[in-house]
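Visitor: Right, I'll just put the structure down here and ask away after.
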Amino acid sequence: MTTITRKIKSIDSIDSVLESVCSELAEVKEKEYPLILKVMNFKESKTLQQLGVTFGIWIKEISHAKGIGEDLVHAELKQEFLARIYVTDSENPPNESQAMWVELLYNYQIAGDMGKLERHAKRISLSWATVDQMSRYMSAIQNSYTDKGIYLTPPNPRYRIRQEMI
C-alpha cells in the first residue's frame, strides 16, 4: 500500500500539494485500485515534554501513592482517561488507529461480548494521541488525583527550581 502524506500550512498551498500528490501517484509502480484519497485535519503528535511528565514523573508518583506497580498505573490511566477522550473524539478521529479502536469497541459493546470488549479495551495505545488529546489526558489525570488528595508535580520544568528557592 502506498501512503503519501503532506502537511498543508495554509489554504494557499492546497493546489500545489494536490498537484504534487497527483504527480507522485502517477509514478507509483505498484498501483492499487480502487484508490482511496483521504484528506483529514493534521494533528500534531504528543510532545516529548508531555511524555516525560506522564511517564517520568506522574506514573512514578501515582505508583508510590497507591502502592501498585507502574505498569498497572499506566494501564489504569489509559482505561480511565484516555479511552474517554478517544471515544469523545470518534466523530472526527485524528488517525486511523483511533478510528478502528473505537469502532471495534462499539461493535463488541453492541454484540454484548464483554470478554472481547475487555480484551480490546486493554489494547488502547497512547501512541495514537495528538498534542491536544495528550493535554486533555494530562489535565484529566491531574484534576482527578488532586481531587483524591494526591498532588502530582506540575508539568512546568521551572517548578522544582522555584520550590527549592522557597
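The values are calculated or read from the model by the stated rules, or taken from the named source; none is laboratory data. These figures come from a predicted structure and were not determined experimentally. Note: ideal-geometry Cβ built from the backbone for every residue, glycine included; neighbour counts use all protein chains shown.
Visitor: Could you tell me which of the residues I57, I14 is part of a helix (DSSP H, G or I), surrounded by 12 or more Cβ atoms within 10 Å (Cβ to Cβ) and at pLDDT below 80? Quick ask: steps written out before the conclusion?
Guide: Numbers: I57 fails: at pLDDT below 80.
Being part of a helix (DSSP H, G or I), surrounded by 12 or more Cβ atoms within 10 Å (Cβ to Cβ) and at pLDDT below 80 holds for just one of I57, I14, which is I14.
Visitor: Can you tell me which of (1) surrounded by fewer than 14 Cβ atoms within 10 Å (Cβ to Cβ); (2) of a type in the set (S, T, N, Q); (3) in contact with a helix residue (DSSP H, G or I) (Cβ under 9 Å, 6 or more places away or on another chain) is the one S144 doesn't meet?
Guide: For S144, the failing item is (1).
Visitor: Which of the residues spanning the range 78-106 are of a type outside the set (D, E, K, R) and either in contact with a Phe, Trp or Tyr (Cβ under 6 Å, 6 or more places away or on another chain) or in contact (Cβ under 8 Å) with a residue 40 or more places away in the chain (or both)? Even if it seems obvious, please write down each step before you answer.
Guide: The initial filter retains those residues of the range 78-106 that are of a type outside the set (D, E, K, R), namely 79, 81-83, 85-88, 90, 92-95, 97-102, 104-106.
Result: Q79, F81, L82, A83, I85, Y86, N92, P94, N95, S97, Q98, V102.
Visitor: Kindly provide the set of residues from the range 78-127 that are hydroxyl-bearing (S, T, Y) and surrounded by 11 or more Cβ atoms within 10 Å (Cβ to Cβ), ordered by number. Before you say what the answer is, go through the steps one by one.
Guide: So in the range 78-127, the residues hydroxyl-bearing (S, T, Y) come out as 86, 88, 90, 97, 106, 108, 125, 127.
Passing the criteria: Y86, T88, S90, S97, Y106, Y108, S125.
Visitor: Where in the range 82-166 are there helices (runs of 4 or more DSSP H), lying fully within it, with 1 or more residues that are modelled with pLDDT of 90 or more? Working first, answer last.
Guide: On the way: elements: 83-88, 96-111, 114-121, 131-147, 159-165.
By residue number, 83-88, 96-111, 114-121, 131-147.
Visitor: A further question follows. If a residue must be in a helix (DSSP H, G or I), without any contact (Cβ under 8 Å) to a residue 24 or more places away in the chain and surrounded by fewer than 17 Cβ atoms within 10 Å (Cβ to Cβ), how many such residues does the range 67-77 contain?
Guide: 4
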